[in-house]
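Let me begin by presenting the structure, written as structure tokens, before commenting on it.
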Amino acid sequence: MKKKILFFCDPGIDDSLAIIYSLLHPDLELVGIVTSYGNVTKETATANAYYLIQLAGHKNIPIIPGAANPVQQEEVTYYPEIHGKEGIGPIRPPSDMQYQIYPFDMIRYLLNQHGKDLIIVDTGRSTSLATAFILFNQEIKKAGAFYLMGGAFFVPGNVTALAEANFYGDPTSSNYLLKFCHNLTITPLNVTKYAIITESMIKRIIQEADSPYEFLLSPIFEYYFEAYKRLVPGIQGAPIHDLLTVMVVANPSIVDFIYYDAKVIDGTVEGKGLSYIDLRPKGKKGKTRIAMKLHYDRFVEEFFRVMLNN
């Protein structure tokens, strides 16, 4: 039976590739997409999500707009230099595109419909999923598992020296999720920064794949890669953080895990968004799976297997 995914995201180039991968994977079923602020505004993320699913003929997947800002009501910073003004690099969804959106309560419906078969994946800011916990506190306990892309454990952050962007964007909500999500897996920068896709990999997919996404893969990769060359001089490709999180749902053997309960600092300016675990000799281990090492060869093999329909 296919693994059913309810995907919280903010597309964004790497979120977009995660959606594409989910739609092409023979063993995954995308049953809903919850969009929110992050890489782009909520409105732009919503349009991008629909554009991607309709390219593959999956207009029936519910698109559910979520949060427009964090619980702290701070001004939101977007990243056009990384993801493009519209979120998918130089690609623009049709200006006259019309589509149906679903109310936030659709999340409750999906939880009741699929129960423990539903896997919730969040690769964006934590606000929308934390809100779902508050609104649907009984129903969300029915979900089978949770996967979060976020955090940086004892490695540098990517939005500050200490913090990763998702946990930094709404650390209060991230802390809430780390406390209340059951069967939780985290894919932090420790592994996602090594999930690098190269130009030659994209060229191979374009040459060999029969996919409705062929025309956009090269433009969005080139845009993303150029951004990362400015951020990380000498890098040989672009890390696709959010894609790796969905790949771990499908194939957890591509990473190695440790098991600790994690927390996020949400009170101080300097430490805002810092994720940490207690590694002291008497520190208490936990149930949360935290990915710490990426097997890059397995990542590449899995990427090609799905994108080339092998």
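The values are calculated or read from the model by the stated rules, or taken from the named source; none is laboratory data. Since this is a predicted model, take the numbers as computed values, not measurements. Here the Cβ positions follow ideal geometry from the backbone for every residue, glycine too, while neighbour counts run over all protein chains shown. Areas reflect the complete protein model, heavy atoms only, side chains present, ligands, DNA and RNA absent. Shrake-Rupley method; radii C 1.70, N 1.55, O 1.52, S 1.80 Å.
Scanning the stretch 264-294 for residues that are closer than 19 Å to Pro188 by Cα and more than 19 Å from the chain's Cα centre (by Cα) yields Ile265, Asp266, Gly271, Lys272, Tyr276, Ile277, Asp278, Leu279, Lys285, Gly286, Lys287. Does at least one position in the stretch 224-234 carry a residue that is closer than 30 Å to Tyr259 by Cα and at pLDDT 95 or above? No, because not a single residue in the stretch 224-234 is closer than 30 Å to Tyr259 by Cα and at pLDDT 95 or above. Within the stretch 80-105, the set of residues being open to solvent by less than 30 Å² (accessible area, probe 1.4 Å) and over 30 Å from Leu231 (Cβ atoms) is empty.
Residues that are surrounded by 20 or more Cβ atoms within 10 Å (Cβ to Cβ) and not aliphatic (A, V, I, L, M) within the stretch 244-269 comprise Thr245, Tyr260, Asp266, listed in sequence order.
Results for (1) part of a helix (DSSP H, G or I); (2) among the small types (Gly, Ala, Ser); (3) over 23 Å from Lys285 (Cα atoms), shown as yes or no for each residue.
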site	(1), (2), (3)
Ser128	yes, yes, yes
Gly151	no, yes, no
Tyr168	yes, no, yes
Thr172	yes, no, no
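Conditions (1) of a type outside the set (Asp, Glu); (2) in contact with a helix residue (DSSP H, G or I) (Cβ under 6 Å, 6 or more places away or on another chain); (3) under 18 Å from Ala165 (Cβ atoms), marked per residue:
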| position | (1), (2), (3) |
| --- | --- |
| Lys2 | yes, no, no |
| Phe8 | yes, yes, yes |
| Asp15 | no, yes, yes |
| Ile19 | yes, yes, no |
| Glu29 | no, no, no |
| Asn48 | yes, no, yes |
| Gly57 | yes, no, no |
| Ala67 | yes, yes, yes |
| Gln73 | yes, no, no |
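Evaluated against (1) open to solvent by less than 30 Å² (accessible area, probe 1.4 Å); (2) in a strand (DSSP E or B); (3) more than 23 Å from Thr131 (Cβ to Cβ), Leu6 falls short on exactly one condition, (3). When each of Ala49, Ala45, Ala67 is tested for being buried (at least 16 other Cβ atoms within 10 Å of the Cβ) and part of a loop (DSSP other than H, G, I, E, B), the lone residue that passes is Ala67. Taken as a whole, the structure places Arg298 among residues that are within 21 Å of Asp27 (Cα to Cα), open to solvent by 30 Å² or more (accessible area, probe 1.4 Å) and in contact with a Ser or Thr (Cβ under 7 Å, 6 or more places away or on another chain).
So, Ile91, is that one farther than 26 Å from Thr131 by Cα, β-branched (Val, Ile, Thr) and part of a loop (DSSP other than H, G, I, E, B) or not? Answer is yes for this residue. Annotation: Tyr176 fulfils all but one of (1) in a helix (DSSP H, G or I); (2) closer than 18 Å to Val249 by Cβ; the unmet one is (2).
Name the residue that is surrounded by the most Cβ atoms within 10 Å (Cβ to Cβ), counting only residues in the stretch 9-38 that are of a type in the set (Ser, Thr, Tyr), in contact with an Asp or Glu (Cβ under 8 Å, 6 or more places away or on another chain) and more than 17 Å from Leu110 (Cα to Cα). It comes out as Ser36. Of all residues in the stretch 106-130, those that are open to solvent by 50 Å² or more (accessible area, probe 1.4 Å) and not charged (D, E, K, R) total 3.
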